[in-house]
1. Of the residues that sit in segment 111-160 and are at pLDDT below 90 and among the hydrophobic types (A, V, I, L, M, F, W, C), which one is nearest to Glu38 (Cα to Cα)?
2. What tally of residues in segment 47-88 results from selecting those that are in a strand (DSSP E or B) and either basic (Lys, Arg) or touching a residue at least 60 places away in the same chain (Cβ under 8 Å) (or both)?
3. Name the residues in segment 17-46 that are in a helix (DSSP H, G or I), closer than 14 Å to Leu152 by Cβ and not aliphatic (A, V, I, L, M), would you?
4. From Arg58, Arg43, which residue is in contact with an Asp or Glu (Cβ under 9 Å, 6 or more places away or on another chain), within 30 Å of Gly176 (Cβ to Cβ) and basic (Lys, Arg)?
5. Output the number of the condition that Ala72 fails; it satisfies all remaining conditions of (1) within 30 Å of Ala37 (Cβ to Cβ); (2) out of contact with any Asp or Glu (no Cβ under 9 Å at 6 or more places or on another chain).
6. Scan segment 1-40 for residues that are modelled with pLDDT of 80 or more, of a type in the set (Gly, Ala, Ser), surrounded by 10 or more Cβ atoms within 10 Å (Cβ to Cβ) and under 21 Å from Ala75 (Cβ atoms) and jot them down.
7. Say whether the condition of being within 15 Å of the chain's Cα centre (by Cα), farther than 26 Å from Asp166 by Cα and at pLDDT 90 or above is met by at least one residue in segment 66-73.
8. In segment 89-103, which residues are surrounded by 14 or more Cβ atoms within 10 Å (Cβ to Cβ) and assigned to a helix (DSSP H, G or I)?
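The values are calculated or read from the model by the stated rules, or taken from the named source; none is laboratory data. All figures in this text were calculated on a predicted structure; none of them were measured in a lab. Here Cβ is always computed from backbone atoms with ideal geometry, including for glycine, and neighbour counts include all displayed protein chains.
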Amino acid sequence: MSLALLSGFQAHVLTRLAEEAPHVLVSPAGRPDFAAAEGVAGRLAEIPGVVSVTPVVRGRGWITVRGQAIPAVLAGREGAEGIRLDPAQARQLSVLPGEDVTIVSSRTRLSPLGPVPVTATLSVKEVGATATGRRQPEAVLPAETTRRLFGLPPGGATGFELRLADPGTALDVARGRGRRSA
């Protein structure tokens with residue numbers, strides 16, 4: 001009986017991972033980001049079995065409010081509004097939806113007073129659990145805001161998340177075996 005329960009639990013976890021997490025994450029080798037002009041998203045979309053290609057802009061920064069600050073993984077996504085925090089992040093900062101927080105980038109810009117951090121103020125739109133399979137909770141914010149925080153050009157991305165028709169082919173796609181022959 002317990003073996004059947006364990007087997008059912010494993011199947012449930014695998015199904016949730018396949019539904020919530022990207023099947024393949026493509027990141028640039030030897031540099032921090034992709035430029036929009038490179039056309040990477042279009043080339044990835046042409047790979048057989050790829051259902052969707054989603055640009056993501058990731059980096060590290062801090063979320064601050066009322067003199068408190070926590071380090072965070074920031075994930076910029078197209079279509080996001082405000083900021084979405086993980087319950088653990090919201091609890092540490094004692095914030096609720098509707099409150100404003102300031103995001104502080106690890107990047108600085110030069111001002112007449114010397115280097116100052118790049119910041120953005122956003123309203124907390126939602127507090128919700130991070131997708132299954134993430135090692136650390138992510139704060140999700142609009143891609144354009146994240147690009148500005150990390151100095152990426154319009155349309156730039158630090159990676160692309162691929163969803164596949166068959167998640168079981170992820171390893172082959174990641175290794176380049178899913179490409180069309182030229």
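1. Step by step, filter segment 111-160, then rank; the result is Ala131.
2. In the first step, residues of segment 47-88 are kept if they are in a strand (DSSP E or B); the result is 50-65, 68-77, 83-85.
Now restrict to residues that are either basic (Lys, Arg) or touching a residue at least 60 places away in the same chain (Cβ under 8 Å) (or both): 50-61, 63, 72-77, 84.
Count: 20.
3. Initially, segment 17-46 is screened for residues in a helix (DSSP H, G or I), giving 17-20, 36-38, 40-45.
Next, only the ones that are closer than 14 Å to Leu152 by Cβ stay: 36-38, 40.
Of everything in segment 17-46, just one residue is in a helix (DSSP H, G or I), closer than 14 Å to Leu152 by Cβ and not aliphatic (A, V, I, L, M), namely Glu38.
4. Details: Arg43 fails: in contact with an Asp or Glu (Cβ under 9 Å, 6 or more places away or on another chain).
Of the residues listed, the single one that is in contact with an Asp or Glu (Cβ under 9 Å, 6 or more places away or on another chain), within 30 Å of Gly176 (Cβ to Cβ) and basic (Lys, Arg) is Arg58.
5. (2)
6. If the condition is that a residue be modelled with pLDDT of 80 or more, of a type in the set (Gly, Ala, Ser), surrounded by 10 or more Cβ atoms within 10 Å (Cβ to Cβ) and under 21 Å from Ala75 (Cβ atoms), then Ser27, Ala35 are the ones that fit.
7. Our first condition is that a residue be within 15 Å of the chain's Cα centre (by Cα); within segment 66-73, this holds for 72-73.
Restricting the remaining residues to those that are farther than 26 Å from Asp166 by Cα gives 72-73.
Going one step further and asking which of them are at pLDDT 90 or above, we end up with 72-73.
Among the residues of segment 66-73, at least one is within 15 Å of the chain's Cα centre (by Cα), farther than 26 Å from Asp166 by Cα and at pLDDT 90 or above, which makes the answer yes.
8. Those that are surrounded by 14 or more Cβ atoms within 10 Å (Cβ to Cβ) and assigned to a helix (DSSP H, G or I): Gln89, Ala90, Gln92, Leu93.
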